[in-house]
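This report concerns only the one structure given below.
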């Protein structure tokens, strides 16, 4: 492993010696192991907080490259940049994994207004939903029907909907403490609203942005037309929360108002792209893979700092921390920067397919894709036995104010690995601010706090270290060895 | 209690009925009580997150009034505003408690530069430390000696220091997970640097800002001259962290550079001011007081949104939530907005003295003065018995991601109550961003997230509810009844 020795700092070297010396089995070995774990976690956090690279990597991704929609020039730049940075770490192997991705382009800035009476118009901020068809070049103007979701739409039926623009206005539920639950309670409007409204004869769809704040930023995100024939696909856009409030109020005063919107987005043929992958080969069980990752693509409105530049640079930092510490993992530690999470999941699916074809064995996969905020813990998608083992490590995380070890989902990109049986995990940061930025032009580097980002990377590294060290038991509990 | 009935919403009324009905002792009463607690906490959080007033109150305090240094016009405006708002809640009593406060005024904007060679100067951002004497009208120019703290200063002694500006440059320790520990590890330079350097013949003091970021904002804060005779008091200012790095680097290249600074701050005679107090009288034990509070004064550079406008509006919100719920506390619930925490603690001391004189019995006091960020828990300064009782409530807080129930300090303003024996507590929010804003012009309303602020208020209300409901046991464990 070239460069491994050069990267040892004084502290790293001292720790490495401690680890080597105390690694000899015998009486007191267990206690020594526990103390080593305490020291190793402290060392990982100290390094991330004092000499971490995640923040400067993200600065480049966000401010020099910017939004990285699949198939865009920026996505290609991000692939080249992260490949180069991973190579500079002196990993054992860095490579690109080809994957075909959809290419959707927003085109000219969208434009919309509420027309309360002929000539009396108020502009409102909208953005096309990812994957939407365009409006005709001259835009669409039609009466509006407001609904609180797909159920109400279906209850109203074709008669009430035909020829109209359907306005989905169910807000996120502010009483959910976990804001992702509030998101899950609304996102069906965005994902399926255009398909269902189109089948009932609507001419367009406007969706309230998935945002817990009232502000002027529309939040994009992908929709699915599903089986809808091309001729029946209708354009769909998100409206800012303030715009949604205004439209709803205006409709209450006068249900006969018209809404106008124009967008020139376009879906092209698929184009080639890549997952970016790097790994440190395991010293003892090189065939067992521990994966950390995030997704390199982002939406195009902001620069994708929280979603998911943060998860990419945190995952890269995990491997950098191991290199700097000089701790050689017993299992293969792999970072994967997935392409196309936002509008296709082609990177995640392609990676899992390739892994299955090659007969690769993933023991563990951890994704960070919930924003670069103060880490609070993890959620685990695994067997009861594996969870019990992992939950026993909670006390090691207490000094870092990491308290949440929950059962639950992990991350979209690693989900396709599930049939192959690894323990899947997601980093769980504080969620209160996430939907202020998510998929909007506000998702920028200025919304990132350096320490919060670095703490997330250290927390991931700490878990990966423990999985590597105690992976024998985990491999048994997942039926893996 | 006037207005109590009018403030009942549908949900509040239903809950009140539930509480009244299930309050009858008998078989199953304990289980019912536990379910009531679960419901009540859910209700408090829901109200804070959907109809909370904390954010709009803080908007007014921050954006309409601004920084509220003791003795300033803004401090007086804040007293009048919060008194009026508390009165509008229909509390049983709202009053002002007179207290004399120091009046220190910053004067004209400070100015400083590094002079590498005659005529070769670089301006650097500074601000006078609170309580500092001014420089002469023409400023001070002198050679600089950099030290890492008070110990190094004393080790160097008079010979090395006389006639110079002492530059205290010990940074906050980024490896502390709790950033308040990093602050505690540096703040002695700011508090005592001028007194100690002055005694050794220095002509001025420059202190590195207590900030974990590298940026261009100087952070003020109070100093203490202690017994230093007036003639030996030397002026002291904070320099931004970027400025400190530049000054340190410049000194390494050339130890003979000069530093110039000018400030025209001034200490006036004490002036009258007030603590703002409101209360809901207890139904069963009106003589037992549960206090919630923050401090109404702030530094003058920003608008004091995090320090401590947030704590004030959260404390007000606790009483508003109880009024809206229609839950009548058994003990007296009192909000205190303390004056002059930042540079004198006169409000906290005066409040405790008055309480002692009147023979008031404080069972519990909770302060919020650590920023309006996502709440993580509390720290408690109390007996082992009381802590054990309170810690048993932890499961009730789990759904709100409140995990930290620690022993430790509470809040500066409630500290003087300690000899009177109450349980003292401090709200503990996430601390990672706090010192980005603390005492600097960056402490503004735009750095507040509405949900994070509201969650803090609800968390405080939840604890107060439980203390009120189960206070009999607590009163016994503190020797109070």
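The values are calculated or read from the model by the stated rules, or taken from the named source; none is laboratory data. Just so you know, these numbers come straight off a predicted model, no measurement behind them. Quick reminder, even Gly has a Cβ in these numbers, built from the backbone with ideal geometry, and neighbours come from all protein chains shown.
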Open item on the list: For region B:379-402, check the following and say yes or no: at least one residue is modelled with pLDDT of 95 or more and within 30 Å of residue B:239 (Cβ to Cβ).
Closed with: no
Task: Selection count where residues are away from every other protein chain (no Cβ under 14 Å), farther than 24 Å from residue A:102 by Cβ and surrounded by fewer than 23 Cβ atoms within 10 Å (Cβ to Cβ), scope region A:213-224 - done: 1
Open item on the list: Testing residue A:397 on (1) under 30 Å from residue A:132 (Cβ atoms); (2) within 14 Å of another protein chain (Cβ to nearest Cβ), one condition comes back false. Which one is that?
Closed with: (1)
TODO: Answer yes or no as to whether residue B:35 is in a helix (DSSP H, G or I), away from chain A (no Cβ under 14 Å) and either closer than 19 Å to residue A:175 by Cβ or modelled with pLDDT under 95 (or both).
DONE: yes
Task: region B:110-168: number of residues that are at pLDDT below 95 and either closer than 21 Å to residue B:265 by Cα or within 33 Å of the chain's Cα centre (by Cα) (or both) - done: 0
Task: Residues that are free of Cβ contacts under 8 Å to residues at least 24 places away in the same chain and assigned to a loop (DSSP other than H, G, I, E, B), drawn from region A:180-195 - done: A:185
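Yes/no matrix, rows are residues, columns are (1) over 26 Å from the mean Cα position of the chain (by Cα); (2) assigned to a loop (DSSP other than H, G, I, E, B); (3) under 25 Å from residue A:149 (Cα atoms):
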| site | (1), (2), (3) |
| --- | --- |
| A:197 | yes, no, yes |
| A:219 | no, yes, yes |
| A:225 | no, yes, yes |
| A:234 | yes, yes, yes |
| A:251 | yes, no, yes |
| A:259 | yes, no, yes |
| A:268 | no, no, no |
| A:274 | no, no, no |
| A:282 | yes, yes, no |
Task: Selected residue [away from chain B (no Cβ under 14 Å) and at pLDDT below 95] from A:297, A:256, A:303, A:227 - done: A:227
Open item on the list: Restricting to region B:404-420, name every residue that is buried (at least 19 other Cβ atoms within 10 Å of the Cβ) and within 14 Å of chain A (Cβ to nearest Cβ).
Closed with: B:405
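Every residue, every condition in (1) without any contact (Cβ under 8 Å) to a residue 60 or more places away in the chain; (2) in a loop (DSSP other than H, G, I, E, B); (3) within 24 Å of residue B:67 (Cα to Cα), yes or no:
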position: B:317; (1), (2), (3): no, no, yes
position: B:322; (1), (2), (3): no, no, no
position: B:347; (1), (2), (3): no, no, yes
position: B:353; (1), (2), (3): no, no, no
position: B:362; (1), (2), (3): no, no, no
position: B:370; (1), (2), (3): no, yes, yes
position: B:373; (1), (2), (3): no, yes, yes
position: B:380; (1), (2), (3): yes, no, no
position: B:397; (1), (2), (3): no, no, no
Task: Single residue of region A:43-53 satisfying the filter (more than 8 Å from chain B (Cβ to nearest Cβ) and in a helix (DSSP H, G or I)) that is farthest from residue A:395 (Cα to Cα) - done: A:51
Open item on the list: touching a residue at least 60 places away in the same chain (Cβ under 8 Å), under 30 Å from residue B:357 (Cα atoms) and not in a loop (DSSP other than H, G, I, E, B): which single residue out of B:457, B:461, B:412 fits that description?
Closed with: B:461
- [ ] Within region B:181-212, track down each residue that is within 14 Å of chain A (Cβ to nearest Cβ) and surrounded by fewer than 20 Cβ atoms within 10 Å (Cβ to Cβ).
- [x] B:181
Task: Wholly within region A:105-145, strands (runs of 3 or more DSSP E) carrying at least 2 residues that are in contact with a helix residue (DSSP H, G or I) (Cβ under 7 Å, 6 or more places away or on another chain) - done: A:111-117
Task: Filter result for the condition that a residue is outside the structural domain of residue B:433 (by TED's automatic domain parsing), touching a strand residue (DSSP E or B) at 6+ places or on another chain (Cβ under 6 Å), within 14 Å of residue B:171 (Cα to Cα) and in a helix (DSSP H, G or I), over B:238, B:244 - done: B:244
Task: Test for residue B:83: is it away from chain A (no Cβ under 12 Å), surrounded by fewer than 21 Cβ atoms within 10 Å (Cβ to Cβ), at pLDDT below 95 and more than 28 Å from residue A:213 (Cβ to Cβ) - done: no
TODO: Take residue B:145 and decide whether it is within 14 Å of chain A (Cβ to nearest Cβ) and without any contact (Cβ under 8 Å) to a residue 60 or more places away in the chain.
DONE: no
Open item on the list: Consider region B:421-459. How many of its residues are within 14 Å of residue B:308 (Cα to Cα), touching a strand residue (DSSP E or B) at 6+ places or on another chain (Cβ under 8 Å) and within 11 Å of another protein chain (Cβ to nearest Cβ)?
Closed with: 3
Task: Any hit, region B:89-100, residues being part of a helix (DSSP H, G or I) and assigned by TED's automatic domain parsing to the domain that holds residue B:350 - done: no
Open item on the list: Condition check: touching a helix residue (DSSP H, G or I) at 6+ places or on another chain (Cβ under 6 Å), over 30 Å from residue B:320 (Cβ atoms) and either assigned by TED's automatic domain parsing to the domain that holds residue B:410 or modelled with pLDDT of 95 or more (or both). Does residue B:216 satisfy that?
Closed with: yes
Open item on the list: Every residue in region B:284-315 that is more than 13 Å from the chain's Cα centre (by Cα) and in contact (Cβ under 8 Å) with a residue 60 or more places away in the chain, please.
Closed with: B:285, B:287, B:288, B:289, B:290, B:291, B:300, B:301, B:302, B:303
Task: Single condition residue B:151 does not satisfy, out of (1) surrounded by 16 or more Cβ atoms within 10 Å (Cβ to Cβ); (2) in a helix (DSSP H, G or I) - done: (1)
